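Visitor: Just passing along the structure, written as structure tokens.
The values are calculated or read from the model by the stated rules, or taken from the named source; none is laboratory data. Since we're looking at a predicted model, the values are computed, not measured. Neighbour counts are summed over all protein chains in view; Cβ atoms, including those assigned to glycine, are modelled from backbone coordinates with ideal geometry.
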Amino acid sequence: MAFSFIIKTLFLFVSFSGLVLHAHAVRTPQARVWSLCKPTTNPFMCFTTILPHVITLPKFNVYKALEIEIDATRVLVGNTTILINTLLANPANSKDLNDSLSICSDQFDSMMDAINETITVIAQRNAAEARFKFSAVLSYLSACTDEFTNSPIVKEGKDVYDLGGNCLDIMKAIEDRESRRRRGAPVPSPVLGPLPVATPILTPVLTPCQNQIGPCN
């Protein structure tokens, strides 16, 4: 009987300890960011762009995380705009190439306007309106990248698409969560899962091959 009692006590202790550790893991910044990022377009990019900025905050906030992802998109759009203008300045360009680059230049200017409008709306904590405004970013992006098949702009465009998709996914998650709260419906618990393996943070930068049209050697 004593042995059985000890076994049961140990089982209850281990079970309780597991629940405590599980609850603690849910509250860590890494777990909260991964829970937010896991369903997005590019979860790993989402995780690595957001985590460094929130890991030291006293309290995790989804709107703050969204602002970080939007700002990462804004930086990449700005870098790609510099790339487009650099390519436009090449006197060896054909007329068709310059026409395509000019289209991209206009589209990226419009993207930046849409991002700035979104930032203003996010400051008002209006996820639904922000998602409506930000959706234009990917439409403008498509109008540019459709002009090219083999260009550094296409690679940059893929990164913008992933970051922009992450932003839209987070906005939709916030919108759904707030809608459930207004209706008084239960809010689902965070999605748990293994955290991604730590790797260097990806930061949008210009590379030598970005000024080259055609294959990069």
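Visitor: Read through the list (1) of a type in the set (Lys, Arg); (2) surrounded by fewer than 18 Cβ atoms within 10 Å (Cβ to Cβ); (3) assigned to a helix (DSSP H, G or I), then give the number of the only condition that residue 131 fails.
Guide: Single failed check for residue 131: (2).
Visitor: A further question on this structure: Under the condition of being out of contact with any Pro (no Cβ under 8 Å at 6 or more places or on another chain) and in a helix (DSSP H, G or I), which residue from segment 37-47 is surrounded by the most Cβ atoms within 10 Å (Cβ to Cβ)?
Guide: This residue is 46.
Visitor: Let me ask something else. State whether the residues of segment 94-110 include one that is crowded, with 17+ Cβ neighbours inside 10 Å and under 21 Å from residue 175 (Cα atoms).
Guide: Scanning segment 94-110 turns up no residue that is crowded, with 17+ Cβ neighbours inside 10 Å and under 21 Å from residue 175 (Cα atoms).
Visitor: Within segment 69-93, track down each residue that is closer than 23 Å to residue 132 by Cβ, surrounded by fewer than 17 Cβ atoms within 10 Å (Cβ to Cβ) and among the hydrophobic types (A, V, I, L, M, F, W, C).
Guide: Scanning segment 69-93 gives a single hit, 75.
Visitor: Now for a separate question. Can you name the condition, by its number, that residue 122 falls short on among (1) touching a residue at least 60 places away in the same chain (Cβ under 8 Å); (2) under 18 Å from the mean Cα position of the chain (by Cα)?
Guide: Among (1) touching a residue at least 60 places away in the same chain (Cβ under 8 Å); (2) under 18 Å from the mean Cα position of the chain (by Cα), the lone unmet condition for residue 122 is (1).
Visitor: I need the full set of residues from segment 87-128 which are in a helix (DSSP H, G or I) and among the small types (Gly, Ala, Ser), in order please.
Guide: Passing the criteria: 100, 102, 105, 110, 114, 123, 127, 128.
Visitor: For segment 141-152, give me the residue count where each residue is part of a helix (DSSP H, G or I) and either at pLDDT below 90 or crowded, with 23+ Cβ neighbours inside 10 Å (or both).
Guide: 3
Visitor: Hey, does segment 165-180 have a residue that's more than 19 Å from the chain's Cα centre (by Cα), surrounded by fewer than 19 Cβ atoms within 10 Å (Cβ to Cβ) and of a type in the set (Lys, Arg)?
Guide: Our first condition is that a residue be more than 19 Å from the chain's Cα centre (by Cα); within segment 165-180, this holds for 178-180.
Imposing the further condition that a residue be surrounded by fewer than 19 Cβ atoms within 10 Å (Cβ to Cβ) reduces the set to 178-180.
Subset that is of a type in the set (Lys, Arg): 180.
Checking segment 165-180: at least one residue is more than 19 Å from the chain's Cα centre (by Cα), surrounded by fewer than 19 Cβ atoms within 10 Å (Cβ to Cβ) and of a type in the set (Lys, Arg).
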